Amino acid sequence: MITHEIKIAFEEYSSLKELSKIDRLLCHEAVKAMEGSHSPYSKFRVGAALRLERGTILYGSNQENVAYPSGLCAERVALFYWGANYNNDPIEAIAITAHTADFAISKPITPCGSCLQVLAEYEKKQDKKIRIILYCIDGPVWITQGVDNFLPFLFFEERLAEH
């Protein structure tokens, strides 16, 4: 038997004030992205903002549907929009935030497994890691370089691309 250990790395900041101007602005754009959230069932609004290499900002917000699981997370809305319209302009960073009036959010929310897998696919497609910024409004910010810090066992099967 061999025992393996996996370590992840992320930076934690106590507030937006500690971030670079460009990362602060992207977090504000993620808040702006929440305006498009359609979340009448959970009342949990999520916004995602992508910063592309050429400086373009793309937005995504969660879209719920009474016929679960027909909805889609904010991250995938933004990422699929990029894939369909801007895939020749690499993604530098994504900022993700959430808000609900039902309870206080005291730490950053993390993307679900499906969103992490889509992030992994697009990192592979552009052959470049994406800076992931998880922003808790009025709370801490977590930043990591690359999705593998959240999902160390990514699903990739190279032989699928051969067929």
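A few remarks follow.
- Taking region 73-124 as the range and being without any contact (Cβ under 8 Å) to a residue 12 or more places away in the chain and outside any helix (DSSP H, G or I) as the test, the residues that pass are Asn88, Phe103, Ala104.
- Inter-residue pairs, beta-carbon under 6 Å, first at positive phi and in region 138-149, second not in a strand (DSSP E or B), 6+ apart: Gly146/Lys129
- Test: residue in region 61-72 that is in contact (Cβ under 8 Å) with a residue 24 or more places away in the chain, part of a loop (DSSP other than H, G, I, E, B) and among the β-branched types (Val, Ile, Thr): yes
- Within region 111-146, being hydroxyl-bearing (Ser, Thr, Tyr) and at pLDDT 95 or above holds for Tyr122, Tyr135, Thr144.
- Ile109 of a type in the set (A, V, I, L, M) and touching a Pro at 6+ places or on another chain (Cβ under 9 Å): no
- For region 11-54, the set of residues classified as assigned to a loop (DSSP other than H, G, I, E, B), surrounded by fewer than 20 Cβ atoms within 10 Å (Cβ to Cβ) and touching a residue at least 12 places away in the same chain (Cβ under 8 Å) consists of Ser14, Ser15, Leu19, Ser39, Pro40, Tyr41, Ser42, Lys43, Phe44, Glu53, Arg54, listed by residue number.
The values are calculated or read from the model by the stated rules, or taken from the named source; none is laboratory data. All of these numbers come straight from a predicted model, not from anything done at the bench. Cβ coordinates were reconstructed from backbone atoms using ideal geometry, including for glycine residues, and neighbour counts include every protein chain displayed.
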